[in-house]
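**Q** Take this structure, written in structure tokens, and hold onto it; I'll ask about it next.
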Amino acid sequence: MKELIVISGKGGTGKTSLMAAFASLAENKVLCDADVDAADLHLIMNPEVIKQTDFQSGYTADIDKEKCTECDLCRELCRWNAINEEYEVSPIECEGCGVCVYFCPEKAIDFPLNTCGEWYISDTRFGPMVHARLGIAEENSGKLVSLVRQEARKLGEEKNLDLILTDGPPGVGCPVIASIGGASAVLIVTEPTVSGKHDMERVVELAAFFKVPAMVCVNKFDLNSELTDSIKNFSREKKLMWLGCIPFDPVFIKAMVQEQTIFEYSTNSETSQVIKDIWEKVANEINL
């Protein structure tokens, strides 16, 4: 089973819109939204949730006032100043290190596992989908990304599918690292801006470090032809698979507002044909 991760060095490049368009074209696939910090593929896919499971990760200390003798040892040891004078633990300040739990002489501190979000298995009009929602200001998004990818692979194997099509997170941090390891290839969607090119170069280095083949396409290329040429030359210098350029087209926004892919909204547009050509190159590159 092949796994294609669609990523971008920065947000706002049109990664998810392109990923949704690919969902219209690909066959025998399972969809995966690994952008758990700001998941939005569901806005277009309109999934019907079949299974919902809590995501638990990390711990937060909780002091039992009946057992606590107020010896103050926990407050002395807590380098995060997460315990106030009333011996109450701030869930925001607590880093879950467990020092207070370990050294409490009265064993008065509980250390429950946190529920940080949820992950789902759903049906969509384009096939099964695995996605998630991380709670507000919660951490461990990299762990949730890994979980979502694992579940997508399990689902694909159960249904004997050929491809995992994953909408990855932007940037180069922990969630991106968790999303690309072991993938068949990554498709980097960038834009012709200074920040777009800079962040694309960083994610190219990241893919190279993990030895994942990278492909590049430029969205909204006609906003700055000079930067588009610079990105194209950079891709060739790094021997990356160059897929082509997608024009700036308001049809993407119009389709998204209608909860549709570009092919559902405007099948015969020039931009739709460009995306079809890009998908054919991708499919050939990963031997679909």
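**Q** Could I have the simple spin-label model distance between K159 and K254, label points 7 Å from Cα toward Cβ, reported in nm to one decimal?
**A** Distance between the two pseudo-spin positions: 3.1 nm.
**Q** Along the range 25-38, what does the Karplus equation 6.51 cos²θ - 1.76 cosθ + 1.60 (θ = phi - 60°) give for ³J(HN,Hα), rounded to whole Hz, x for Gly and Pro?
**A** Computed from phi, the couplings for the range 25-38 are 9, 6, 10, 6, 10, 10, 8, 9, 9, 9, 8, 6, 6, 8 Hz.
**Q** Rounded if a/c is under 1.5, else prolate if a/b is larger than b/c, else oblate: which is the range 61-111, with a ≥ b ≥ c the root eigenvalues of its Cα gyration tensor?
**A** Judged from the Cα gyration tensor, the range 61-111 comes out rounded (a/c under 1.5).
**Q** Quick query: amide H of I246 versus all other amide H atoms, modeled in the peptide plane; which residues come in under 5 Å with a sequence gap of 5 or more or a different chain?
**A** Close amide H contacts, sequence-distant or interchain: V218, N219, K220, F221.
**Q** Moving on to the next point. By counting other Cβ atoms within 10 Å of each Cβ, how are W242, W119 ranked from fewest to most?
**A** W242, W119
**Q** Taking a ≥ b ≥ c as the square roots of the Cα gyration tensor eigenvalues, with a/c under 1.5 meaning rounded and otherwise prolate when a/b beats b/c, else oblate, which class fits the range 23-168?
**A** Verdict is prolate for the range 23-168.
**Q** Another one. Residues with amide H under 5 Å of M215's amide H, sequence separation 5 or more or different chain, H placed in the peptide plane at 1.01 Å from N; which?
**A** V186, L187, I188
**Q** Moving on to the next point. Mind giving me the FRET efficiency for N268 and T115? R0 is 45 Å, r the Cβ-Cβ distance, nearest 0.05 is fine.
**A** Efficiency for this residue pair is about 0.45.
**Q** Under 8 Å for C-alpha pairs, at least 6 residues apart: give me the relative contact order for the range 61-111, rounded to a whole percent.
**A** 50
**Q** Sticking with this one: Rounding to the nearest 20 debye, state how big the charge dipole of the chain is about its Cα centre with +1 on each Lys and Arg Cβ and -1 on each Asp and Glu Cβ.
**A** Charge dipole of the chain: 1300 debye, to the nearest 20.
**Q** Restricting attention to the chain, give the cysteines that have no other cysteine Cβ less than 4.7 angstrom from their Cβ.
**A** C32, C68, C71, C78, C94, C97, C104, C116, C174, C217, C245
**Q** What ranking of W279, W80 emerges when the number of other C-beta atoms within 10 Å of each C-beta is taken as an exposure proxy, fewest first?
**A** W80, W279
**Q** Measure up K107/K143; K154/K232; K238/K276 against 32 Å on the Cα-Cα distance and list the ones that go over.
**A** Pairs exceeding 32 Å: K154/K232.
**Q** Quick one: which residues, 5+ away or cross-chain, put their amide H under 5 Å from the amide H of S269? H built at 1.01 Å from N.
**A** none
**Q** Same structure, new question: For I5, I278, I246, I253, what's the fewest-to-most ordering of other Cβ within 10 Å of each Cβ?
**A** If I rank by nearby Cβ atoms, fewest first, I get I253, I278, I246, I5.
**Q** Additional query: Please give the charge dipole size of the range 61-111, origin at the Cα centre, charges +1 on K and R Cβ atoms and -1 on D and E Cβ atoms. Round to the nearest 20 debye.
**A** For this selection, approximately 200 debye.
Each value in this text was obtained by applying a stated rule to the coordinates, not by laboratory testing. The model shown is predicted, which means the values in this text are computed figures rather than measured ones. Using ideal geometry, Cβ is built from the backbone for each residue, glycine included, and neighbour counts are taken over all protein chains shown.
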